[in-house]
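Remarks on the structure that follows.
The values are calculated or read from the model by the stated rules, or taken from the named source; none is laboratory data. Keep in mind that this is a model prediction, so the values were computed, not measured. A quick note on method: Cβ atoms are made from the backbone with ideal geometry, for glycine too, and the neighbour counts reach across all protein chains shown. Quick note on the areas: whole protein, heavy atoms, side chains included, nothing else; ligands and nucleic acids left out. Shrake-Rupley method; radii C 1.70, N 1.55, O 1.52, S 1.80 Å.
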Amino acid sequence: YIGDAIMALFGAPLAHGDDAQRAVRAALGMVREMASLNDELAGLGLPRIAAGIGINTGNVVAGNMGSARRLNYTVIGDGVNLAARIEGLTRFYGVPLIVGESTAAAAPEFSYRELDLVRVKGKQEPVRIFEPLEAGAFVAEELERYHQALASYRARDWCRADEIFAALARAEPACPIHALYRRRIAHFIATPPDGAWDGVEVFNEK
């Protein structure tokens, strides 16, 4: 992995009331443009470019920070750290864009696929993470079946969950999420989790 990180801020220094929606809309536009660029690169025989975007909504401290010799306008706080952790998860889940549950709640006009319930480094409480979906990219029935599979997985109904994930994988073979859950299910069938298992995936690395 080689690359640079860019932070974009919505809602400061001026709030608009729909900053979460603006952030998700901008990110989906970036994903579309990246796909178009990669099509062009493939036509030229050049390597593809990958980018991961993580979005989180929360209270932060914003302002000019630094020293008397050098000041930069920036933001700090737990919400910023969580956004960075969420961005890092895009590589694990194989999707270009992930948002936290606070962003999904603040921008309900988009469709979302819930990816997982995770505990990231530096956070004690688990956080639900979601993949925003382009309009028409995933029909409502398939999305409902996916969330049924996720609910069955968390209820330890391994066979039912695997049956649905397998059907979804046949319909959407390029999606890595179905295969990820099928691997987990196969592991849990072979080695059942103990009674304390709560469906949370723990990430101890940044």
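The slack between A190 and R69, meaning 0.36 nm per residue of separation minus the straight C-alpha distance, is 37.5 nm. Taking all protein chains into account, the per residue accessible area for region 90-206 stands at 53 Å² (1.4 Å probe). Under a 10 Å cutoff between Cα atoms, tell me which one of Q124, Q21, Q148 has the largest fluctuation in the Gaussian network model of the chain. So, out of Q124, Q21, Q148, the one fluctuating most is Q124.
Say a site is exposed when it is one of the GluC sites (Glu not before Pro), sits in a DSSP loop, and has at most 16 other Cβ atoms within 10 Å; what is then the longest site-free stretch of the chain?
Values: sites that count: E109, E134, E205.
Formally, the longest exposed-site-free interval is 1-108.
For the chain, the longest piece that avoids every one of the chymotrypsin sites (Phe, Trp or Tyr not before Pro) found in DSSP loops with at most 12 other C-beta atoms within 10 Å covers 2-196.
Provide the percentage of antiparallel DSSP beta bridges, counting only those with both residues in the chain; round to the nearest 5. Numbers along the way, then the final one.
On the way: 15 of 20 bridges.
Bridges in the chain that DSSP calls antiparallel: roughly 75 percent.
Based on DSSP H runs of at least 4 residues, each adding -39500 (n - 2.57), what is the mean residue ellipticity at 222 nm of the chain after dividing by all its residues, to the nearest 500 deg cm²/dmol? Before the final figure, lay out the partial values.
On the way: 6 runs with 91 residues, N = 206.
Only helices count here, giving -14500 deg cm²/dmol.
In the full protein context, region 30-69 carries 76 Å² of accessible surface per residue, based on a 1.4 Å probe and ignoring ligands, DNA and RNA. Counting only protein heavy atoms and a probe of 1.4 Å, the accessible surface of region 1-131 is 55% carbon and sulfur.
Please identify the trypsin sites (Lys or Arg not before Pro) of region 1-100 that satisfy two criteria: DSSP loop assignment and at most 10 other Cβ atoms within 10 Å. Which are they? List each step's numbers first, then the result.
Working: sites: R22, R25, R32, R48, R69, R70, R85, R91; in loops: R48, R69, R70.
Here the sparse-neighbourhood loop sites are R69, R70.
Under a Gaussian network description of the chain, with springs only between Cα atoms under 10 Å, the residue in A107, A83, A42 that fluctuates furthest is A42.
When the Gaussian network model of the chain links Cα atoms closer than 10 Å, the mean-square fluctuations of N81, N59, N72 top out at N72.
As a test of reading the structure, rank T90, T74, T191 by solvent-accessible area (1.4 Å probe, protein chains only), most first. Intermediate results must be reported in sequence, preceding the final value.
Working: T90 10, T74 45, T191 75 Å².
Most to least solvent-accessible, the answer reads T191, T74, T90.
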